[in-house]
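The values are calculated or read from the model by the stated rules, or taken from the named source; none is laboratory data. Predicted, not measured: the structure shown is a model, and the values here were computed from it. Please note: Cβ atoms are built from the backbone with ideal geometry, for glycine as well, and neighbour counts cover all protein chains shown. Remember, those area values only see protein heavy atoms, side chains included, never the ligands or the DNA or RNA. Shrake-Rupley method; radii C 1.70, N 1.55, O 1.52, S 1.80 Å.
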Amino acid sequence: MCSGMSGIRDQYPGGGSMKSEKKWYDYLWIASAAYLILGFFNIMFAWLGLLCFFIPLLISVIKGNKGYCNRYCGRGQLFALLGGRFGLSRKKDIPGWMKSRWFRYGFLIFFFVMFFQMLWTTWLVFAGASDLHQTVKLLWTIRLPWNWAYHGTLIHEGMAQFAFGFYSVMLTSTILGLFTMVLFKPRSWCVYCPMGTMTQLICRVKNKEN
Amino acid sequence: MEQIRRKRRKAFVEEKACVACGCCAKVCPVSAISVWKGITAKVDQSKCVGCGKCAAECPASVISIREVEA
(Lines give C-alpha, C1' and ligand atoms only; values in the text may rest on other atoms or scores of the structure.)
Protein backbone atom coordinates (compact mmCIF):
# COMPACT_ATOMS: atom_id res chain seq x y z
CA MET A 1 0.00 0.00 0.00
CA CYS A 2 2.75 2.40 0.88
CA SER A 3 5.17 1.53 -1.90
CA GLY A 4 6.10 4.30 -4.27
CA MET A 5 4.57 6.97 -2.11
CA SER A 6 7.64 9.16 -2.10
CA GLY A 7 7.43 9.75 -5.81
CA ILE A 8 3.92 11.10 -5.69
CA ARG A 9 4.93 14.72 -5.26
CA ASP A 10 7.00 14.59 -8.40
CA GLN A 11 4.21 12.95 -10.34
CA TYR A 12 1.62 15.47 -9.33
CA PRO A 13 3.18 18.89 -9.39
CA GLY A 14 -0.15 20.54 -8.62
CA GLY A 15 -0.23 19.18 -5.09
CA GLY A 16 3.22 18.60 -3.76
CA SER A 17 5.18 21.78 -3.68
CA MET A 18 2.57 23.94 -1.98
CA LYS A 19 2.14 21.50 0.89
CA SER A 20 5.68 21.84 2.14
CA GLU A 21 5.30 25.56 2.89
CA LYS A 22 4.94 25.88 6.63
CA LYS A 23 2.56 28.37 8.16
CA TRP A 24 2.91 30.08 11.51
CA TYR A 25 0.39 27.72 13.05
CA ASP A 26 2.54 24.72 12.18
CA TYR A 27 4.85 25.76 15.00
CA LEU A 28 2.25 25.78 17.78
CA TRP A 29 3.81 22.60 19.15
CA ILE A 30 6.46 24.92 20.58
CA ALA A 31 3.77 26.69 22.61
CA SER A 32 2.43 23.37 23.88
CA ALA A 33 5.88 22.19 24.92
CA ALA A 34 6.64 25.57 26.51
CA TYR A 35 3.39 25.38 28.46
CA LEU A 36 4.33 22.07 30.05
CA ILE A 37 7.82 23.33 30.88
CA LEU A 38 6.63 26.63 32.35
CA GLY A 39 4.42 24.72 34.77
CA PHE A 40 7.56 23.33 36.35
CA PHE A 41 8.77 26.82 37.19
CA ASN A 42 5.64 28.75 38.03
CA ILE A 43 2.33 26.97 38.39
CA MET A 44 0.37 30.15 37.60
CA PHE A 45 1.27 29.65 33.92
CA ALA A 46 -1.22 26.78 34.03
CA TRP A 47 -3.96 29.36 33.56
CA LEU A 48 -2.80 29.78 29.95
CA GLY A 49 -4.09 26.27 29.32
CA LEU A 50 -7.61 27.63 29.31
CA LEU A 51 -6.83 28.81 25.78
CA CYS A 52 -6.78 25.13 24.73
CA PHE A 53 -10.30 24.85 26.10
CA PHE A 54 -11.92 28.04 24.93
CA ILE A 55 -10.41 28.45 21.46
CA PRO A 56 -11.59 25.06 20.12
CA LEU A 57 -15.02 25.56 21.68
CA LEU A 58 -15.38 29.06 20.25
CA ILE A 59 -14.26 27.93 16.79
CA SER A 60 -16.77 25.07 16.80
CA VAL A 61 -19.62 27.18 18.15
CA ILE A 62 -19.01 30.21 15.92
CA LYS A 63 -17.63 28.68 12.75
CA GLY A 64 -19.07 25.18 13.06
CA ASN A 65 -15.85 23.40 12.20
CA LYS A 66 -12.89 21.68 13.83
CA GLY A 67 -10.37 24.29 12.75
CA TYR A 68 -8.60 23.94 16.07
CA CYS A 69 -7.90 20.21 15.70
CA ASN A 70 -7.23 20.56 12.00
CA ARG A 71 -4.79 23.45 12.23
CA TYR A 72 -3.93 24.95 15.57
CA CYS A 73 -3.68 22.10 18.06
CA GLY A 74 -0.13 22.30 19.36
CA ARG A 75 -0.49 19.14 21.36
CA GLY A 76 -1.45 17.15 18.28
CA GLN A 77 1.54 18.61 16.46
CA LEU A 78 3.79 17.66 19.35
CA PHE A 79 2.59 14.06 19.22
CA ALA A 80 2.92 14.02 15.42
CA LEU A 81 6.49 15.26 15.74
CA LEU A 82 7.57 12.90 18.51
CA GLY A 83 5.79 9.88 17.09
CA GLY A 84 6.48 10.70 13.46
CA ARG A 85 9.81 12.38 12.90
CA PHE A 86 11.37 11.17 16.14
CA GLY A 87 9.99 7.69 15.56
CA LEU A 88 8.64 7.21 19.06
CA SER A 89 5.53 5.39 17.86
CA ARG A 90 4.90 1.80 16.88
CA LYS A 91 2.38 3.10 14.30
CA LYS A 92 -0.04 0.26 14.95
CA ASP A 93 -3.81 0.46 14.63
CA ILE A 94 -5.64 1.66 17.71
CA PRO A 95 -7.89 -1.07 19.17
CA GLY A 96 -11.50 -0.95 18.03
CA TRP A 97 -12.98 -0.21 21.44
CA MET A 98 -10.87 2.94 21.79
CA LYS A 99 -12.45 4.50 18.73
CA SER A 100 -15.95 3.34 19.58
CA ARG A 101 -18.52 5.95 20.47
CA TRP A 102 -19.16 4.66 23.95
CA PHE A 103 -15.51 4.95 24.85
CA ARG A 104 -15.07 8.39 23.31
CA TYR A 105 -18.19 9.80 24.94
CA GLY A 106 -17.54 7.86 28.13
CA PHE A 107 -14.08 9.37 28.38
CA LEU A 108 -15.56 12.82 27.73
CA ILE A 109 -18.01 12.34 30.59
CA PHE A 110 -15.29 11.00 32.89
CA PHE A 111 -13.11 13.97 31.99
CA PHE A 112 -15.99 16.34 32.75
CA VAL A 113 -16.65 14.74 36.13
CA MET A 114 -12.97 15.00 37.05
CA PHE A 115 -12.88 18.58 35.83
CA PHE A 116 -15.81 19.57 38.01
CA GLN A 117 -14.25 17.79 40.94
CA MET A 118 -11.19 19.95 40.36
CA LEU A 119 -13.39 23.06 40.25
CA TRP A 120 -14.99 21.97 43.52
CA THR A 121 -11.58 21.63 45.18
CA THR A 122 -10.76 25.12 43.91
CA TRP A 123 -14.03 26.43 45.32
CA LEU A 124 -13.26 24.95 48.73
CA VAL A 125 -10.01 26.90 48.84
CA PHE A 126 -11.76 30.08 47.74
CA ALA A 127 -14.38 29.59 50.43
CA GLY A 128 -11.71 29.04 53.05
CA ALA A 129 -12.96 25.55 53.82
CA SER A 130 -9.79 23.87 52.61
CA ASP A 131 -6.08 24.64 52.49
CA LEU A 132 -4.13 25.04 49.29
CA HIS A 133 -2.64 21.77 48.10
CA GLN A 134 0.68 22.47 46.43
CA THR A 135 0.52 19.20 44.53
CA VAL A 136 -0.09 17.98 41.01
CA LYS A 137 -2.35 14.97 40.71
CA LEU A 138 -1.26 12.57 38.00
CA LEU A 139 -3.79 10.25 36.36
CA TRP A 140 -6.37 11.43 38.91
CA THR A 141 -4.70 9.40 41.64
CA ILE A 142 -0.98 10.04 42.22
CA ARG A 143 -0.24 13.21 44.17
CA LEU A 144 3.13 14.69 43.33
CA PRO A 145 4.67 17.45 45.45
CA TRP A 146 4.93 20.57 43.31
CA ASN A 147 5.65 23.24 45.90
CA TRP A 148 8.79 24.48 44.10
CA ALA A 149 6.61 25.96 41.37
CA TYR A 150 4.52 28.02 43.76
CA HIS A 151 5.69 31.56 44.48
CA GLY A 152 2.59 33.05 46.02
CA THR A 153 -0.42 34.65 44.40
CA LEU A 154 -1.58 38.24 44.11
CA ILE A 155 -5.31 37.66 44.39
CA HIS A 156 -6.29 34.56 46.32
CA GLU A 157 -4.90 31.12 47.07
CA GLY A 158 -7.87 29.71 45.19
CA MET A 159 -6.32 31.05 41.98
CA ALA A 160 -3.27 28.91 42.69
CA GLN A 161 -5.44 25.89 43.53
CA PHE A 162 -7.08 26.17 40.13
CA ALA A 163 -3.64 26.40 38.52
CA PHE A 164 -2.47 23.23 40.28
CA GLY A 165 -5.68 21.46 39.30
CA PHE A 166 -5.62 22.61 35.72
CA TYR A 167 -1.97 21.72 35.30
CA SER A 168 -2.82 18.26 36.64
CA VAL A 169 -5.45 17.90 33.91
CA MET A 170 -3.02 19.00 31.22
CA LEU A 171 -0.14 16.85 32.43
CA THR A 172 -2.36 13.80 32.87
CA SER A 173 -3.76 14.11 29.37
CA THR A 174 -0.26 14.61 27.96
CA ILE A 175 0.92 11.43 29.67
CA LEU A 176 -2.06 9.47 28.35
CA GLY A 177 -1.42 10.93 24.91
CA LEU A 178 2.26 10.00 25.00
CA PHE A 179 1.36 6.50 26.14
CA THR A 180 -1.04 5.90 23.25
CA MET A 181 1.38 7.66 20.89
CA VAL A 182 4.02 5.03 21.66
CA LEU A 183 1.59 2.09 21.54
CA PHE A 184 -0.44 3.10 18.50
CA LYS A 185 -0.21 5.97 16.03
CA PRO A 186 1.41 9.33 16.83
CA ARG A 187 -1.84 11.26 17.18
CA SER A 188 -3.87 8.46 18.84
CA TRP A 189 -4.78 10.99 21.52
CA CYS A 190 -6.93 12.75 18.91
CA VAL A 191 -9.22 9.72 18.79
CA TYR A 192 -10.34 10.08 22.40
CA CYS A 193 -9.39 13.69 23.13
CA PRO A 194 -12.32 15.12 25.11
CA MET A 195 -12.03 18.49 23.39
CA GLY A 196 -12.04 16.79 20.00
CA THR A 197 -15.09 14.71 20.88
CA MET A 198 -16.89 17.76 22.25
CA THR A 199 -16.13 20.01 19.28
CA GLN A 200 -17.20 17.26 16.87
CA LEU A 201 -20.45 16.93 18.82
CA ILE A 202 -21.00 20.70 18.64
CA CYS A 203 -20.33 20.64 14.89
CA ARG A 204 -22.79 17.76 14.46
CA VAL A 205 -25.53 19.64 16.31
CA LYS A 206 -24.78 22.97 14.72
CA ASN A 207 -24.66 21.69 11.17
CA LYS A 208 -27.87 19.75 11.66
CA GLU A 209 -29.64 22.96 12.60
CA ASN A 210 -28.63 24.71 9.40
CA MET B 1 -10.59 -8.01 -28.87
CA GLU B 2 -10.13 -8.28 -25.17
CA GLN B 3 -10.81 -5.11 -23.35
CA ILE B 4 -8.19 -3.93 -20.91
CA ARG B 5 -9.77 -2.99 -17.64
CA ARG B 6 -7.76 -0.51 -15.65
CA LYS B 7 -8.15 -0.31 -11.95
CA ARG B 8 -7.35 2.65 -9.80
CA ARG B 9 -6.85 2.93 -6.09
CA LYS B 10 -8.81 5.42 -4.05
CA ALA B 11 -9.12 6.30 -0.39
CA PHE B 12 -12.39 5.62 1.42
CA VAL B 13 -13.33 7.01 4.81
CA GLU B 14 -15.45 5.10 7.27
CA GLU B 15 -17.33 8.29 8.05
CA LYS B 16 -19.20 7.11 11.13
CA ALA B 17 -15.97 6.35 12.96
CA CYS B 18 -14.02 9.40 11.76
CA VAL B 19 -13.01 11.80 14.54
CA ALA B 20 -12.44 14.71 12.13
CA CYS B 21 -8.98 15.49 13.46
CA GLY B 22 -7.67 16.40 10.03
CA CYS B 23 -4.40 14.46 10.18
CA CYS B 24 -5.25 13.04 6.76
CA ALA B 25 -5.72 16.45 5.18
CA LYS B 26 -2.29 17.52 6.40
CA VAL B 27 -0.46 14.74 4.61
CA CYS B 28 -2.46 14.50 1.38
CA PRO B 29 -0.08 15.50 -1.44
CA VAL B 30 -2.90 16.48 -3.77
CA SER B 31 -5.30 18.08 -1.26
CA ALA B 32 -7.95 15.52 -2.09
CA ILE B 33 -9.12 14.96 1.47
CA SER B 34 -10.60 17.53 3.81
CA VAL B 35 -12.68 17.71 6.96
CA TRP B 36 -16.31 18.40 6.12
CA LYS B 37 -18.14 20.65 8.60
CA GLY B 38 -16.11 19.37 11.53
CA ILE B 39 -17.91 16.05 11.32
CA THR B 40 -15.92 13.74 9.09
CA ALA B 41 -13.16 13.62 6.50
CA LYS B 42 -14.34 13.39 2.92
CA VAL B 43 -12.37 12.35 -0.13
CA ASP B 44 -12.63 14.14 -3.44
CA GLN B 45 -12.52 11.01 -5.59
CA SER B 46 -11.62 12.97 -8.71
CA LYS B 47 -8.42 14.21 -7.07
CA CYS B 48 -7.44 11.14 -5.02
CA VAL B 49 -4.49 9.21 -6.40
CA GLY B 50 -4.74 6.39 -3.87
CA CYS B 51 -1.25 6.88 -2.46
CA GLY B 52 -2.31 5.75 1.02
CA LYS B 53 -0.62 8.51 3.00
CA CYS B 54 -3.89 9.46 4.70
CA ALA B 55 -4.63 5.85 5.59
CA ALA B 56 -1.21 5.46 7.18
CA GLU B 57 -1.57 8.71 9.10
CA CYS B 58 -5.15 8.32 10.34
CA PRO B 59 -4.93 7.81 14.13
CA ALA B 60 -8.24 5.97 14.16
CA SER B 61 -7.32 3.88 11.08
CA VAL B 62 -10.68 4.51 9.45
CA ILE B 63 -9.34 5.18 5.96
CA SER B 64 -8.85 2.28 3.58
CA ILE B 65 -7.44 2.14 0.07
CA ARG B 66 -9.59 0.18 -2.34
CA GLU B 67 -9.42 -0.59 -5.99
CA VAL B 68 -12.11 0.89 -8.13
CA GLU B 69 -12.87 0.59 -11.82
CA ALA B 70 -11.28 3.43 -13.72
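Of the options A:44, A:202, A:146, report the single residue whose Cα projects farthest towards the positive end of the charge dipole of chain A (beta-carbon charges: Lys, Arg +1; Asp, Glu -1).
Towards the positive end, the residue furthest out is A:202.
What's the angle, to the nearest 10 degrees (0 to 90), between helix A:101-126's Cα axis and the longest principal axis of chain A?
Between the helix axis and the principal axis of chain A, the angle is about 30 degrees.
Just from the alpha-carbon atoms, what are the Rg and Dmax of the stretch A:63-185 in angstroms?
Both quantities, over Cα of the stretch A:63-185: 17.4, 49 Å.
Compare each residue of the stretch A:185-200 in its chain alone against the assembly with all protein chains, and report those whose accessible area goes down by 30 Å² or more; 1.4 Å probe, heavy atoms.
For the stretch A:185-200, once contacts with the other chains are taken into account, A:185, A:187, A:190, A:191, A:200 lose 30 Å² or more.
Do any residues of the stretch B:27-64 show a loss of at least 30 square angstrom of accessible area between the isolated chain and the full protein assembly, using a 1.4 Å probe, and if so which?
So the qualifying set is B:29, B:30, B:37, B:38, B:39, B:49, B:51, B:53, B:56, B:59, B:60, B:61.
Roughly how big is the A-B contact, given as buried accessible area in Å² (both sides, 1.4 Å probe, nearest 100)?
The A and B chains share an interface burying roughly 2600 Å².
Whole number please: convex hull volume per residue of the Cα set in the stretch B:7-69, in Å³?
70
With springs only between Cα atoms under 10 Å, which of A:98, A:170, A:44 fluctuates most in a Gaussian network model of chain A?
Most flexible of the set in this elastic network: A:98.
Helix A:28-41: angle to the longest alpha-carbon principal axis of chain A, degrees 0 to 90, nearest 10?
That works out to roughly 20 degrees.
Expressed as an acute angle from 0 to 90° and rounded to the nearest 10, what is the orientation of the C-alpha long axis of helix A:157-183 relative to the principal long axis of chain A?
Value to nearest ten degrees: 30.
As a test of understanding, state the convex hull volume per residue of the protein assembly as shown from its alpha carbons, in Å³.
Roughly 159 Å³ of hull volume per residue.
Where only protein heavy atoms count, and the probe is 1.4 Å, what is the accessible area per residue for the protein assembly as shown in Å²? Please report the intermediate quantities before stating the final value.
Details: 15340 Å² over 280 residues.
That works out to 55 Å² per residue.
What range in chain A is the longest one free of chymotrypsin sites (Phe, Trp or Tyr not before Pro) that are in a loop by DSSP and have at most 15 other Cβ atoms within 10 angstrom? Could the numbers behind the result be given before it?
On the way: sites that count: A:86, A:140.
Longest run free of exposed loop sites: A:1-85.
Quick one: if the Förster radius is 22 Å, what FRET efficiency do residue A:116 and residue A:38 give, using the C-beta to C-beta distance and rounding to 0.05?
Details: r = 25 Å, r/R0 = 1.15.
For R0 = 22 Å, the calculated efficiency reads 0.30.
I need the trypsin sites (Lys or Arg not before Pro) found in the stretch A:92-186, filtered to DSSP loop residues with at most 16 other beta carbons within 10 Å of theirs.
Working: sites: A:92, A:99, A:101, A:104, A:137, A:143; in loops: A:92.
Hits after loop and neighbour filter: A:92.
In nm, give the distance between the simple-model label positions of residue A:85 and residue A:50, each being 7 Å from the Cα along the Cα-to-Cβ direction.
Between residue A:85 and residue A:50, the simple spin-label model gives 3.2 nm.
Return the carbon/sulfur percentage of the accessible area of chain A, one whole number, probe 1.4 Å, all protein chains in place. Don't skip to the end; give the middle numbers.
Numbers: 7940 of 11540 Å².
Percent of accessible area from carbon and sulfur atoms in chain A: 69.
Hey, any idea what % of the stretch B:7-69's accessible area is carbon plus sulfur with a 1.4 Å probe? Please report the intermediate quantities before stating the final value.
Numbers: 1310 of 2690 Å².
About 49 percent, which is the carbon plus sulfur part of the accessible surface.
Loop only by DSSP, 12 or fewer other Cβ within 10 Å of the Cβ. Give me the trypsin sites (Lys or Arg not before Pro) in the stretch B:3-70 that pass, ordered by residue number.
Numbers: sites: B:5, B:6, B:7, B:8, B:9, B:10, B:16, B:26, B:37, B:42, B:47, B:53, B:66; in loops: B:5, B:6, B:37, B:47.
Taking the stretch B:3-70 and a limit of 12 other Cβ atoms within 10 Å, the loop trypsin sites (Lys or Arg not before Pro) found are B:5, B:6.
Of A:66/B:16; A:92/B:26; A:63/A:92, which pairs sit farther than 26 Å apart, going by alpha carbon to alpha carbon?
A:63/A:92
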